[in-house]
1. Give me the percent of accessible area attributable to carbon and sulfur for segment 293-380, probe 1.4 angstrom.
2. State the Cα centre-to-centre distance between segment 252-324 and segment 186-206 in whole Å.
3. Full extension from Lys349 to Ala287: what is 0.36 nm times the residue separation minus their Cα-Cα distance, to one decimal in nm?
4. Compute the FRET efficiency between Leu197 and His222 as 1/(1 + (r/R0)^6), taking r as their Cβ-Cβ distance and R0 = 22 Å, and round to the nearest 0.05.
5. Within segment 201-286, what whole-number % of the accessible surface is contributed by carbon and sulfur, with the 1.4 Å probe and all protein chains included in the calculation?
6. With all protein chains present and a 1.4 Å probe, how do Asp289, Asp257 order by accessible area, largest first?
7. Using a 1.4 angstrom probe, figure out how much accessible area segment 207-316 has per residue, in square angstrom, rounded to the nearest whole.
8. Apply 1/(1 + (r/R0)^6) to the Cβ-Cβ distance of Thr130 and Leu176, taking R0 = 30 Å, and write down the FRET efficiency to the nearest 0.05.
Amino acid sequence: MMRFLRPFIFALVLASAFFYFTTYRSGHLHPVNGTSGPQHIEITEAAGGEGLDSEEQNNIGVYRKNIGSVVNITSRVMTYDFFYGLVPQEGQGSGFVFDKEGHILTNYHVIEDARQVEVTLHNRKKYKATIVGTDKSHDLAIVQIKAPDLQPMILGDSTNLQVGQKVYAIGNPFGLAGTLTRGIVSSIRQVQEPDGLVIEEAIQTDAAINPGNSGGPLLNWHGEVIGINTMIASSVGQSAGIGFAIPINTAKAVVNDLVTLGRVRRPALGIRTIPIDPEVANELGLAADYGLLVVQAVPGGSADRAGLRGGSDRAYLGNTPIMIGGDLIVAIDGEKVESQQILAQIMNKHRAGDTVKVTIFRGKKQLEVPVVLGEARDQV
(Lines give C-alpha, C1' and ligand atoms only; values in the text may rest on other atoms or scores of the structure.)
Protein backbone atom coordinates (compact mmCIF):
# COMPACT_ATOMS: atom_id res chain seq x y z
CA MET A 1 0.00 0.00 0.00
CA MET A 2 2.80 2.32 0.91
CA ARG A 3 4.36 1.66 -2.47
CA PHE A 4 1.29 2.99 -4.22
CA LEU A 5 0.99 6.12 -2.03
CA ARG A 6 4.64 7.10 -2.38
CA PRO A 7 4.30 8.70 -5.91
CA PHE A 8 1.22 10.65 -4.80
CA ILE A 9 2.97 12.01 -1.69
CA PHE A 10 6.02 12.95 -3.74
CA ALA A 11 3.87 14.89 -6.25
CA LEU A 12 2.07 16.70 -3.42
CA VAL A 13 5.38 17.79 -1.88
CA LEU A 14 6.62 19.14 -5.23
CA ALA A 15 3.39 21.12 -5.76
CA SER A 16 3.56 22.59 -2.25
CA ALA A 17 7.16 23.66 -2.76
CA PHE A 18 6.30 25.32 -6.09
CA PHE A 19 3.42 27.26 -4.51
CA TYR A 20 5.62 28.38 -1.59
CA PHE A 21 8.45 29.75 -3.68
CA THR A 22 6.40 31.32 -6.54
CA THR A 23 3.32 32.70 -4.82
CA TYR A 24 3.12 32.64 -1.07
CA ARG A 25 6.70 33.76 -0.45
CA SER A 26 6.32 36.75 -2.85
CA GLY A 27 3.68 38.16 -0.47
CA HIS A 28 0.66 38.42 -2.78
CA LEU A 29 -1.53 36.48 -5.18
CA HIS A 30 -1.46 37.31 -8.88
CA PRO A 31 -4.63 37.71 -10.98
CA VAL A 32 -5.47 34.87 -13.32
CA ASN A 33 -4.50 36.85 -16.43
CA GLY A 34 -0.97 37.20 -15.18
CA THR A 35 -1.05 41.05 -15.00
CA SER A 36 -1.53 43.47 -12.16
CA GLY A 37 -3.61 46.65 -12.52
CA PRO A 38 -2.74 50.07 -11.16
CA GLN A 39 -3.84 50.87 -7.62
CA HIS A 40 -5.22 54.31 -8.72
CA ILE A 41 -6.67 55.40 -12.11
CA GLU A 42 -6.06 58.99 -13.15
CA ILE A 43 -8.44 60.71 -15.60
CA THR A 44 -8.30 64.14 -17.21
CA GLU A 45 -11.40 66.24 -16.63
CA ALA A 46 -12.43 69.46 -18.39
CA ALA A 47 -12.12 72.58 -16.34
CA GLY A 48 -15.51 73.66 -15.04
CA GLY A 49 -17.19 76.96 -15.67
CA GLU A 50 -15.89 77.60 -19.20
CA GLY A 51 -18.21 80.02 -21.01
CA LEU A 52 -19.73 79.76 -24.49
CA ASP A 53 -18.23 81.75 -27.31
CA SER A 54 -20.28 84.36 -29.16
CA GLU A 55 -21.13 82.04 -32.04
CA GLU A 56 -22.42 79.33 -29.73
CA GLN A 57 -24.46 81.87 -27.80
CA ASN A 58 -26.05 83.07 -31.03
CA ASN A 59 -26.87 79.50 -32.11
CA ILE A 60 -28.56 78.86 -28.77
CA GLY A 61 -30.38 82.19 -28.90
CA VAL A 62 -31.79 81.55 -32.37
CA TYR A 63 -32.98 78.10 -31.31
CA ARG A 64 -34.60 79.18 -28.03
CA LYS A 65 -36.25 82.17 -29.66
CA ASN A 66 -37.97 80.12 -32.36
CA ILE A 67 -38.33 76.49 -31.31
CA GLY A 68 -41.73 77.10 -29.69
CA SER A 69 -43.11 78.33 -33.03
CA VAL A 70 -41.97 75.37 -35.15
CA VAL A 71 -44.52 72.56 -35.45
CA ASN A 72 -44.72 69.00 -36.67
CA ILE A 73 -47.43 68.37 -39.27
CA THR A 74 -48.92 64.94 -39.78
CA SER A 75 -51.17 64.50 -42.82
CA ARG A 76 -53.36 61.50 -43.50
CA VAL A 77 -54.32 60.63 -47.05
CA MET A 78 -56.25 57.74 -48.54
CA THR A 79 -54.30 55.62 -51.00
CA TYR A 80 -55.37 52.62 -53.05
CA ASP A 81 -53.87 49.26 -52.16
CA PHE A 82 -54.29 46.43 -54.69
CA PHE A 83 -55.31 43.91 -52.02
CA TYR A 84 -57.13 46.05 -49.45
CA GLY A 85 -58.63 48.88 -51.50
CA LEU A 86 -58.51 52.35 -49.92
CA VAL A 87 -56.12 52.48 -46.97
CA PRO A 88 -54.95 55.45 -44.86
CA GLN A 89 -51.36 56.59 -45.15
CA GLU A 90 -49.47 59.13 -43.04
CA GLY A 91 -46.89 61.70 -44.04
CA GLN A 92 -44.90 64.11 -41.90
CA GLY A 93 -43.43 67.55 -42.38
CA SER A 94 -42.78 70.80 -40.59
CA GLY A 95 -44.31 74.26 -40.43
CA PHE A 96 -44.20 77.43 -38.37
CA VAL A 97 -46.67 79.78 -36.73
CA PHE A 98 -46.69 83.27 -38.23
CA ASP A 99 -49.56 85.01 -36.40
CA LYS A 100 -51.52 84.93 -33.14
CA GLU A 101 -54.56 83.46 -34.89
CA GLY A 102 -52.77 80.14 -35.32
CA HIS A 103 -51.99 80.33 -39.03
CA ILE A 104 -49.10 78.06 -39.98
CA LEU A 105 -47.01 78.20 -43.15
CA THR A 106 -45.82 74.95 -44.71
CA ASN A 107 -45.30 73.31 -48.10
CA TYR A 108 -48.19 72.35 -50.34
CA HIS A 109 -46.70 68.89 -50.82
CA VAL A 110 -46.80 68.30 -47.03
CA ILE A 111 -50.60 68.45 -46.94
CA GLU A 112 -51.43 67.59 -50.56
CA ASP A 113 -54.61 65.47 -50.83
CA ALA A 114 -54.82 65.24 -47.03
CA ARG A 115 -58.10 64.10 -45.51
CA GLN A 116 -56.92 65.04 -42.03
CA VAL A 117 -54.12 67.27 -40.76
CA GLU A 118 -52.75 67.20 -37.22
CA VAL A 119 -50.31 69.70 -35.74
CA THR A 120 -48.03 68.90 -32.81
CA LEU A 121 -46.48 71.85 -30.97
CA HIS A 122 -43.07 71.76 -29.33
CA ASN A 123 -44.78 71.20 -25.95
CA ARG A 124 -46.17 67.97 -27.48
CA LYS A 125 -49.78 69.17 -27.47
CA LYS A 126 -51.69 68.03 -30.54
CA TYR A 127 -54.37 69.95 -32.45
CA LYS A 128 -56.53 69.19 -35.45
CA ALA A 129 -55.76 71.68 -38.21
CA THR A 130 -57.87 73.21 -40.96
CA ILE A 131 -56.42 73.76 -44.42
CA VAL A 132 -56.97 77.48 -45.05
CA GLY A 133 -55.35 78.01 -48.43
CA THR A 134 -53.04 76.37 -50.96
CA ASP A 135 -50.75 77.61 -53.71
CA LYS A 136 -49.49 74.60 -55.65
CA SER A 137 -47.46 76.65 -58.13
CA HIS A 138 -45.28 78.00 -55.30
CA ASP A 139 -45.49 74.82 -53.15
CA LEU A 140 -47.06 76.80 -50.30
CA ALA A 141 -49.96 76.11 -47.97
CA ILE A 142 -51.48 77.59 -44.84
CA VAL A 143 -53.19 75.56 -42.11
CA GLN A 144 -54.75 76.86 -38.91
CA ILE A 145 -55.09 75.59 -35.37
CA LYS A 146 -56.96 76.95 -32.36
CA ALA A 147 -54.45 77.04 -29.53
CA PRO A 148 -53.65 79.53 -26.75
CA ASP A 149 -50.49 81.59 -26.25
CA LEU A 150 -48.95 81.02 -29.68
CA GLN A 151 -45.72 82.87 -30.45
CA PRO A 152 -45.46 83.92 -34.11
CA MET A 153 -42.11 83.86 -35.85
CA ILE A 154 -40.70 87.07 -37.36
CA LEU A 155 -40.75 87.06 -41.17
CA GLY A 156 -37.56 88.59 -42.54
CA ASP A 157 -36.56 89.81 -46.00
CA SER A 158 -35.15 87.43 -48.61
CA THR A 159 -34.00 90.13 -51.03
CA ASN A 160 -30.27 90.74 -51.33
CA LEU A 161 -29.26 87.51 -49.63
CA GLN A 162 -25.53 86.97 -49.97
CA VAL A 163 -23.78 83.70 -50.73
CA GLY A 164 -21.82 82.81 -47.61
CA GLN A 165 -24.10 84.28 -44.97
CA LYS A 166 -25.11 82.05 -42.06
CA VAL A 167 -28.47 80.31 -42.00
CA TYR A 168 -30.26 77.95 -39.62
CA ALA A 169 -32.88 75.31 -40.37
CA ILE A 170 -35.33 74.10 -37.72
CA GLY A 171 -37.66 71.20 -38.34
CA ASN A 172 -38.49 67.56 -37.72
CA PRO A 173 -36.19 65.44 -39.92
CA PHE A 174 -37.17 61.76 -39.86
CA GLY A 175 -39.71 62.70 -37.17
CA LEU A 176 -37.00 63.95 -34.77
CA ALA A 177 -38.82 67.02 -33.48
CA GLY A 178 -37.09 70.29 -32.77
CA THR A 179 -33.85 69.72 -34.67
CA LEU A 180 -31.52 72.65 -35.47
CA THR A 181 -28.95 72.53 -38.26
CA ARG A 182 -26.64 75.27 -39.42
CA GLY A 183 -24.97 76.23 -42.69
CA ILE A 184 -24.58 79.02 -45.21
CA VAL A 185 -26.36 80.33 -48.27
CA SER A 186 -24.65 78.34 -51.03
CA SER A 187 -26.37 79.95 -54.01
CA ILE A 188 -29.50 81.72 -55.24
CA ARG A 189 -30.83 79.93 -58.29
CA GLN A 190 -33.88 78.67 -60.15
CA VAL A 191 -34.69 75.04 -59.36
CA GLN A 192 -37.30 72.59 -60.56
CA GLU A 193 -39.16 70.42 -58.07
CA PRO A 194 -39.80 66.72 -58.77
CA ASP A 195 -43.34 67.48 -59.96
CA GLY A 196 -42.03 69.97 -62.53
CA LEU A 197 -42.86 73.18 -60.63
CA VAL A 198 -40.19 75.86 -60.80
CA ILE A 199 -39.00 77.89 -57.79
CA GLU A 200 -37.59 81.25 -58.83
CA GLU A 201 -34.62 82.53 -56.83
CA ALA A 202 -34.59 79.48 -54.55
CA ILE A 203 -32.18 79.64 -51.63
CA GLN A 204 -29.63 76.84 -51.84
CA THR A 205 -27.99 75.92 -48.54
CA ASP A 206 -25.62 73.33 -47.12
CA ALA A 207 -27.50 73.27 -43.80
CA ALA A 208 -28.58 69.65 -43.33
CA ILE A 209 -32.15 69.24 -44.61
CA ASN A 210 -33.75 65.82 -44.60
CA PRO A 211 -37.21 64.27 -45.10
CA GLY A 212 -39.46 65.83 -42.48
CA ASN A 213 -37.80 69.27 -42.73
CA SER A 214 -40.17 70.26 -45.55
CA GLY A 215 -42.22 73.31 -44.60
CA GLY A 216 -39.92 74.32 -41.75
CA PRO A 217 -38.23 77.72 -41.50
CA LEU A 218 -34.82 78.75 -42.79
CA LEU A 219 -33.54 81.56 -40.57
CA ASN A 220 -30.87 84.23 -40.76
CA TRP A 221 -28.50 84.80 -37.85
CA HIS A 222 -30.99 87.25 -36.28
CA GLY A 223 -33.54 84.41 -36.07
CA GLU A 224 -35.82 85.88 -38.77
CA VAL A 225 -37.45 83.62 -41.36
CA ILE A 226 -35.89 84.11 -44.78
CA GLY A 227 -37.09 80.90 -46.43
CA ILE A 228 -39.26 77.80 -46.24
CA ASN A 229 -37.31 74.55 -46.57
CA THR A 230 -38.80 72.53 -49.39
CA MET A 231 -36.51 69.96 -51.05
CA ILE A 232 -33.09 68.33 -51.24
CA ALA A 233 -30.89 67.26 -54.12
CA SER A 234 -29.74 63.75 -53.29
CA SER A 235 -29.48 60.36 -54.96
CA VAL A 236 -30.14 58.59 -51.64
CA GLY A 237 -33.04 60.68 -50.34
CA GLN A 238 -31.01 62.17 -47.50
CA SER A 239 -29.00 65.33 -46.99
CA ALA A 240 -26.06 65.62 -49.36
CA GLY A 241 -25.32 69.22 -48.48
CA ILE A 242 -27.65 70.61 -51.15
CA GLY A 243 -31.02 71.78 -49.85
CA PHE A 244 -33.40 74.41 -51.17
CA ALA A 245 -35.83 76.85 -49.60
CA ILE A 246 -38.60 79.03 -51.04
CA PRO A 247 -37.77 82.72 -50.47
CA ILE A 248 -39.95 84.14 -47.69
CA ASN A 249 -40.81 87.16 -49.86
CA THR A 250 -42.55 84.78 -52.28
CA ALA A 251 -44.69 83.57 -49.38
CA LYS A 252 -45.35 87.05 -47.99
CA ALA A 253 -46.68 88.16 -51.38
CA VAL A 254 -49.45 85.53 -51.32
CA VAL A 255 -50.23 85.13 -47.59
CA ASN A 256 -53.11 87.61 -47.60
CA ASP A 257 -54.80 85.91 -50.57
CA LEU A 258 -54.34 82.46 -49.04
CA VAL A 259 -55.85 83.50 -45.70
CA THR A 260 -58.75 85.53 -47.09
CA LEU A 261 -59.55 83.66 -50.32
CA GLY A 262 -57.97 80.25 -49.92
CA ARG A 263 -56.14 80.71 -53.22
CA VAL A 264 -53.83 83.19 -54.90
CA ARG A 265 -55.11 85.87 -57.25
CA ARG A 266 -52.19 85.37 -59.58
CA PRO A 267 -51.73 88.36 -61.88
CA ALA A 268 -51.60 88.13 -65.63
CA LEU A 269 -51.06 90.50 -68.54
CA GLY A 270 -53.24 88.35 -70.76
CA ILE A 271 -50.74 87.94 -73.59
CA ARG A 272 -49.00 85.27 -75.63
CA THR A 273 -45.40 86.11 -76.42
CA ILE A 274 -42.17 84.82 -77.96
CA PRO A 275 -38.70 85.80 -76.69
CA ILE A 276 -36.53 87.92 -78.97
CA ASP A 277 -32.78 87.63 -79.45
CA PRO A 278 -30.48 89.69 -81.72
CA GLU A 279 -30.77 87.21 -84.60
CA VAL A 280 -34.60 87.17 -84.60
CA ALA A 281 -34.71 90.95 -84.04
CA ASN A 282 -32.52 91.51 -87.08
CA GLU A 283 -34.61 89.13 -89.21
CA LEU A 284 -37.86 90.84 -88.23
CA GLY A 285 -36.44 94.38 -88.30
CA LEU A 286 -37.37 95.12 -84.67
CA ALA A 287 -36.35 98.28 -82.81
CA ALA A 288 -34.63 96.33 -79.98
CA ASP A 289 -32.63 93.11 -79.97
CA TYR A 290 -34.28 91.75 -76.81
CA GLY A 291 -37.72 91.59 -75.20
CA LEU A 292 -40.99 89.72 -75.65
CA LEU A 293 -42.89 90.07 -78.90
CA VAL A 294 -46.66 90.06 -78.32
CA VAL A 295 -48.12 87.38 -80.57
CA GLN A 296 -51.64 87.77 -79.15
CA ALA A 297 -53.38 90.02 -76.67
CA VAL A 298 -56.08 87.79 -75.19
CA PRO A 299 -59.47 89.35 -76.01
CA GLY A 300 -60.86 91.07 -72.93
CA GLY A 301 -57.61 90.54 -71.00
CA SER A 302 -55.52 93.15 -69.22
CA ALA A 303 -53.23 93.93 -72.13
CA ASP A 304 -56.13 94.08 -74.59
CA ARG A 305 -58.02 96.54 -72.37
CA ALA A 306 -54.89 98.68 -72.04
CA GLY A 307 -54.47 98.86 -75.83
CA LEU A 308 -51.50 96.53 -76.34
CA ARG A 309 -51.51 94.90 -79.76
CA GLY A 310 -50.76 91.40 -80.90
CA GLY A 311 -49.42 90.33 -84.28
CA SER A 312 -51.42 90.56 -87.49
CA ASP A 313 -49.03 89.10 -90.09
CA ARG A 314 -48.37 85.39 -90.39
CA ALA A 315 -44.75 84.23 -90.42
CA TYR A 316 -42.64 81.21 -89.47
CA LEU A 317 -40.07 80.88 -86.73
CA GLY A 318 -38.27 77.76 -87.93
CA ASN A 319 -41.19 75.44 -88.61
CA THR A 320 -43.46 77.18 -86.09
CA PRO A 321 -46.10 79.57 -87.46
CA ILE A 322 -46.35 82.84 -85.52
CA MET A 323 -48.10 86.18 -85.85
CA ILE A 324 -45.73 89.14 -86.12
CA GLY A 325 -46.23 92.88 -86.20
CA GLY A 326 -47.32 93.19 -82.57
CA ASP A 327 -45.87 95.29 -79.75
CA LEU A 328 -42.42 94.44 -78.39
CA ILE A 329 -42.28 94.53 -74.56
CA VAL A 330 -38.82 95.58 -73.32
CA ALA A 331 -39.48 96.61 -69.69
CA ILE A 332 -42.05 96.60 -66.89
CA ASP A 333 -41.83 99.26 -64.21
CA GLY A 334 -38.38 100.10 -65.55
CA GLU A 335 -37.12 96.51 -65.12
CA LYS A 336 -35.66 95.09 -68.30
CA VAL A 337 -37.62 92.11 -69.71
CA GLU A 338 -35.35 89.79 -71.64
CA SER A 339 -37.20 86.48 -71.22
CA GLN A 340 -40.47 84.92 -70.20
CA GLN A 341 -38.74 83.79 -67.00
CA ILE A 342 -38.03 87.39 -66.04
CA LEU A 343 -41.64 88.31 -66.86
CA ALA A 344 -42.79 85.53 -64.49
CA GLN A 345 -40.50 86.85 -61.76
CA ILE A 346 -41.95 90.35 -62.15
CA MET A 347 -45.50 89.00 -62.04
CA ASN A 348 -44.68 87.14 -58.81
CA LYS A 349 -44.02 90.49 -57.16
CA HIS A 350 -47.55 91.70 -57.94
CA ARG A 351 -51.14 90.77 -57.29
CA ALA A 352 -54.20 90.98 -59.51
CA GLY A 353 -55.45 94.58 -59.54
CA ASP A 354 -51.99 96.17 -59.43
CA THR A 355 -51.09 98.69 -62.12
CA VAL A 356 -47.76 98.29 -63.89
CA LYS A 357 -46.03 100.50 -66.45
CA VAL A 358 -45.19 98.49 -69.57
CA THR A 359 -42.52 99.86 -71.91
CA ILE A 360 -43.01 98.75 -75.52
CA PHE A 361 -41.83 99.43 -79.03
CA ARG A 362 -44.63 99.80 -81.56
CA GLY A 363 -42.71 99.75 -84.78
CA LYS A 364 -39.83 102.13 -84.09
CA LYS A 365 -41.75 104.22 -81.57
CA GLN A 366 -41.24 103.68 -77.82
CA LEU A 367 -44.34 103.96 -75.61
CA GLU A 368 -45.16 103.49 -71.93
CA VAL A 369 -48.55 101.91 -71.33
CA PRO A 370 -50.19 101.55 -67.86
CA VAL A 371 -51.78 98.11 -67.49
CA VAL A 372 -54.07 96.99 -64.66
CA LEU A 373 -53.19 93.35 -64.04
CA GLY A 374 -56.00 90.85 -64.24
CA GLU A 375 -56.28 87.51 -62.47
CA ALA A 376 -54.65 84.56 -64.17
CA ARG A 377 -57.23 82.12 -65.43
CA ASP A 378 -55.07 79.83 -67.53
CA GLN A 379 -53.81 82.89 -69.38
CA VAL A 380 -50.21 83.18 -70.52
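1. 49
2. 25
3. On the way: separation 62, 0.36 × 62 = 22.32 nm, distance 2.79 nm.
Here the segment from Lys349 to Ala287 would lengthen by 19.5 nm.
4. Calculated value: 0.15.
5. Answer for segment 201-286 is 47 percent, counting heavy atoms of protein chains only.
6. Asp289, Asp257
7. Normalised by residue count, the accessible surface of segment 207-316 is 41 Å².
8. Details: r = 26 Å, r/R0 = 0.88.
The pair Thr130/Leu176 has a calculated efficiency of 0.70.
The values are calculated or read from the model by the stated rules, or taken from the named source; none is laboratory data. It should be emphasised that the depicted structure is a prediction, and the values quoted were computed from it without experimental measurement. Neighbour counts run over all protein chains shown; Cβ positions are idealised from the backbone, glycine included. Side chains are part of the model used for accessible areas, which takes the heavy atoms of the whole protein and leaves out ligands, DNA and RNA. Shrake-Rupley method; radii C 1.70, N 1.55, O 1.52, S 1.80 Å.
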